1. How high is the relative contact order of the chain, in percent, counting Cα pairs under 8 Å that sit 6 or more residues apart?
2. Students sometimes get this wrong: rank Glu108, Glu45 by accessible area, probe 1.4 Å, all chains present, largest first.
3. Can you grab the distance from the C-alpha centre of the stretch 66-121 to the C-alpha centre of the stretch 6-41, Å, no decimals?
4. For the chain, what does the helix formula give at 222 nm: sum of -39500 (n - 2.57) over DSSP H segments with n ≥ 4, over the residue count, nearest 500 deg cm²/dmol?
5. In Å, the Kirkwood hydrodynamic radius of the chain over pairs of distinct alpha carbons?
6. At a 1.4 Å probe radius, carbon and sulfur cover how many percent of the accessible area of the stretch 3-142?
7. Could you compute the FRET efficiency for Glu108 and Ala24, with r as their C-beta to C-beta distance and R0 at 30 Å, rounded to 0.05?
8. So what is the accessible area of the chain per residue, in Å², with the probe set to 1.4 Å?
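The values are calculated or read from the model by the stated rules, or taken from the named source; none is laboratory data. These numbers come from a predicted model, not from an experiment. Here Cβ is always computed from backbone atoms with ideal geometry, including for glycine, and neighbour counts include all displayed protein chains. For accessibility, only protein heavy atoms count, side chains too; no ligands or nucleic acids. Shrake-Rupley method; radii C 1.70, N 1.55, O 1.52, S 1.80 Å.
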Amino acid sequence: MSVERILAGKGRDVISIDPQSTLAEAARMLNQHRIGAIVVIDAAEALVGILSERDVVRAVAEGGAEALRQPVSSRMTGQVVTCRSNAGIDELMTLMTERKFRHVPIVEGGRLRGIVSIGDIVKQRLAEIETEHRALRDYIATA
Ligand code: AMP
């Protein structure tokens, strides 16, 4: 099963912010959209980073409320790990586990095509398990 299946279900909208915005603005957007990470896009629409709620928490833990005035660029991760939409879900699960992050932007032909979170993967796996159980129950009932 590929990432494409998840994107087809959840949509391809990606919430983004520019690197000069403040961490306070990023926190507002994370809260407003109920998401855990936001991709950082520059004026040329290039993907230049990713900022997760963990980055905001770390900034506040280190610098107090004042840290919320810092620009997103000072706390984002600049080396973003991305995937193509034909990547397998197992591949993405392995990537997230090994690299210890919960969000992967999907990039195709240099363009951002969506974002997949660990929550999206869990939801998809639960749906698959439910389908398998139903098939097994039907098989047993009709055997
Ligand atoms: P997360 O677990 O996704 O909340 O993120 C944990 C840390 O990894 C934060 O410092 C993020 O900036 C960073 N991070 C999240 N997603 C990615 C990604 N796809 N590529 C690189 N770093 C990431």
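1. On the way: 187 pairs, mean separation 36.7, N = 143.
Reported as a whole number, the value is 26 percent.
2. I get Glu45, Glu108, largest accessible area first.
3. One Cα centre to the other: 12 Å.
4. Working: 5 runs with 66 residues, N = 143.
Value at 222 nm, helices only: -14500 deg cm²/dmol.
5. On the way: mean 1/r = 0.0604 Å⁻¹.
After inverting the pairwise mean of 1/r, the radius is 16.5 Å.
6. Working: 4450 of 8740 Å².
Answer for the stretch 3-142: carbon and sulfur cover 51 percent of the accessible area.
7. Working: r = 32 Å, r/R0 = 1.08.
Calculated value: 0.40.
8. Here the per-residue accessible area is 63 Å².
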